[in-house]
Amino acid sequence: MQGNRIKNFADYKKEYQKSIKNPELFWEKKAENFFWRKKWDIVLDWDFVTPDVKWFDGGKLNITENCLDRHLETRGDQVAIKWIANNPDEKARDITYKELHLNVCSFANVLKRNGVKKGDRICIYMPMVPELAIAVLSCARIGAIHSVVFAGFSSKSLSDRINDADCNILITADGGFRGDKVIPLKSISDDAMKNAPSIEKCIVLKRTNTSINMMNGRDVWWHEELENVDSNFDAEIMNSEDPLFILYTSGSTGKPKGIVHTNAGYMIYTEYSFKNVFQYEEGDIYWCTADIGWITGHSYIVYGPLLSGATTMMFEGIPTYPDAGRFWKIIEENKVNIFYTAPTAIRSLEAKGLDFVTPYDLSSLKVLGTVGEPINEDAWHWYNQEIGKGNAPIVDTWWQTETGGIMISNLAGVTPAKPTFATLPLPGIQTCLIDENGQEILKNSVEGKLCVKFPWPSMARTIYGDHNRFRETYFSKFKNKYFTGDGCLIDEDGMYRITGRVDDVLVVSGHNLGTAEIESAIDEHENVCETAIVGYPHTIKGNGVYAFVICHHQADDEESLRKEINELVSKIVGPIAKADKIQFVSGLPKTRSGKIMRRILRKIASGDSENLGDTSTLLDPSVVKEIKCGVQ
Ligand code: WT7
């Protein structure tokens, strides 16, 4: 299984060339390593205008037979999922491939008993416990389409998502532990179900022993249902292009987009990218700290690692509970070899100081990864030196919910890394930059809009129930190209650096300024922890630069700190980019996946703070109040 990884830079170049010359042949070879009920008729059929993309059409398979059954003989007793509880005193759980298989088959029978059929949509709203992974895989086994909603979302976000996909089953828990809080998931679900009439059955896992209401006829307990089923379940045979799951992601308008991924292509690409990017080796302990409620958790906690026969860790808690050393303690205790997290987590832990890091032995770490946003230089070096001790290559993985898998990244220890650069596209990924006139840029050392000009197996196929929006959003801006929405710079060596969303570009006095560029300049100041830049209407410049800045410690003299910050910006980016207004804040409005909601900051900066639109995806709404009060 793990024999055919890319092992050096020359290998990578060869493999990339092969993948461009004959993509069909390239991916067909990868597909042959999986278990198929019937081989495909045609490798690829595509049209980026409609758009319509099919990989391995005519093939029949079940992804869970590839995640589980085919490993039973070779690695049945190996740990598949290693679970760490929120509470450090609660026992960890090791679930072997054999046990996971048994659990998935049993729960698939529970779903069947509750009326689930192939093609049904099932909403999953659960804490980070192994049963979440079991629920996901059981849906896949029975051929139902899972729609996981992150357990931090409100009842309104939950009912919107249930209604959009017309789900008939909701799987939840009585509650979830997060730090010192208990999230009342069932009671939130009850509120959601009042406005989501399509739900016929709600299956409830007991996790927190919170007292809850169970509605007769609708609500059933997970553990009681299990008593009535056996553990044999023949996997439903799926077509390659049958939908596997829907996952909601926020769009530029308020309405979330239900991104649809299908079976075969997603399977092949998540396995391929997992093995090659992280260079997973037999016996490694791999830990991705994301929540399964995000695409990172789907592709790189559940599917990619299990398809590769890996041991994947799942953590229920948060990085700062009981203190900011929790991640490092878990790494020491479990001898984690590969660690994958987000820049926002790295920065917040860096800000807590080294006292939380040094007590722990991190020598098991071989590979570090980041995902979700551009990583600033300072955080990159801290991660490299203090966590990896200079011995663990950092993979900076650029991708999106829509791409299903990692698109641009170095391969750990195999292809060159460069701080703040995602570096090079993976084999099979034909990225390109587009200039203001919509033309492909054919030289290096330039900046442009990042597009993909050829299909890859794990690309999204549609937005659930709205194919028009899918075409409009991704395929109509540039002819025959998938537009990512991101800006990107290619340096003189052909290395890619993601500069941030294109809608984050600011035009100041006729000059294009990337918000990320100014932010990382300000972040260079020793007292600055994090910055968010937005534009606001400025009578002379068109746009003024407004900086929201979080400091490590409160400045004695805010005016002189403002001056120092602007001297830095002036030096690093240029005087044009100097901030017109600098507001010191204690936090920034972020989504739960760590993205700054600039839309909100833009409103506040332009003096329109009453009309903030949908703020339901905010992690901590109280931050907004504070920011509103301090407007400059
Ligand atoms: C957007 C996608 C992919 C899983 C998590 C986020 C930004 C993602 C990087 C990176 C710079 C990055 C992009 C992208 N992004 N990874 N390594 N460097 N930016 O998934 O919520 O769909 O967000 O996240 O702007 O378009 P998502």
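Tabulated data for the structure shown
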{"item": "Ala532 vs. criteria among the small types (Gly, Ala, Ser), out of contact with any Cys (no Cβ under 7 Å at 6 or more places or on another chain) and under 17 Å from Glu377 (Cα atoms)", "result": "yes"}
{"item": "Conditions (1) away from the ligand (no atom under 16 Å from the Cβ); (2) within 30 Å of Tyr474 (Cβ to Cβ); (3) among the aromatic types (Phe, Trp, Tyr); number of the one not met by Phe245", "result": "(1)"}
{"item": "Count of residues meeting criterion [in a loop (DSSP other than H, G, I, E, B) and either aliphatic (A, V, I, L, M) or within 24 Å of Pro256 (Cβ to Cβ) (or both)] in the stretch 588-632", "result": "21"}
{"item": "Any hit, the stretch 253-262, residues being aliphatic (A, V, I, L, M) and closer than 21 Å to Trp398 by Cβ", "result": "yes"}
{"item": "Subset of the stretch 145-158 (residues that are polar (S, T, N, Q) and either open to solvent by 10 Å² or more (accessible area, probe 1.4 Å) or closer than 17 Å to Ile183 by Cα (or both))", "result": "Ser154, Ser155, Ser157"}
{"item": "Qualifying residue in the stretch 367-376 (condition: away from the ligand (no atom under 12 Å from the Cβ) and open to solvent by 30 Å² or more (accessible area, probe 1.4 Å))", "result": "no"}
{"item": "Residues within the stretch 273-305 that are over 17 Å from the mean Cα position of the chain (by Cα) and either of a type outside the set (Asp, Glu) or within 16 Å of Ile81 (Cβ to Cβ) (or both), tallied", "result": "7"}
{"item": "Top-ranked residue in the stretch 298-330 [being in a helix (DSSP H, G or I) and either in contact with a Pro (Cβ under 6 Å, 6 or more places away or on another chain) or more than 18 Å from Gln279 (Cα to Cα) (or both); ranked as farthest from the ligand (Cβ to nearest atom)]", "result": "Lys329"}
{"item": "The stretch 40-99, residues that are open to solvent by 30 Å² or more (accessible area, probe 1.4 Å), basic (Lys, Arg) and either under 25 Å from Ile142 (Cβ atoms) or touching a residue at least 40 places away in the same chain (Cβ under 8 Å) (or both)", "result": "Lys54, Lys60, Arg70, Lys82, Arg93, Lys98"}
{"item": "Check on Thr344, open to solvent by 10 Å² or more (accessible area, probe 1.4 Å), within 12 Å of the ligand (Cβ to nearest atom) and of a type in the set (Val, Ile, Thr)", "result": "yes"}
{"item": "Counted residues, the stretch 377-395 - those being open to solvent by 50 Å² or more (accessible area, probe 1.4 Å) and closer than 16 Å to Phe278 by Cα", "result": "1"}
{"item": "First in the stretch 389-405 and more than 15 Å from the ligand (Cβ to nearest atom), second anywhere and open to solvent by 20 Å² or more (accessible area, probe 1.4 Å) and not in a loop (DSSP other than H, G, I, E, B), Cβ under 7 Å, 6 or more apart", "result": "Gly390/Asn384"}
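The values are calculated or read from the model by the stated rules, or taken from the named source; none is laboratory data. Please read these numbers as outputs of a predicted model, since none were measured by experiment. Cβ sites come from the backbone with ideal geometry, for glycine too, and all protein chains shown count toward neighbours. Accessible surface is based on the protein model in full, side chains and every heavy atom, while ligands, DNA and RNA are left aside. Shrake-Rupley method; radii C 1.70, N 1.55, O 1.52, S 1.80 Å.
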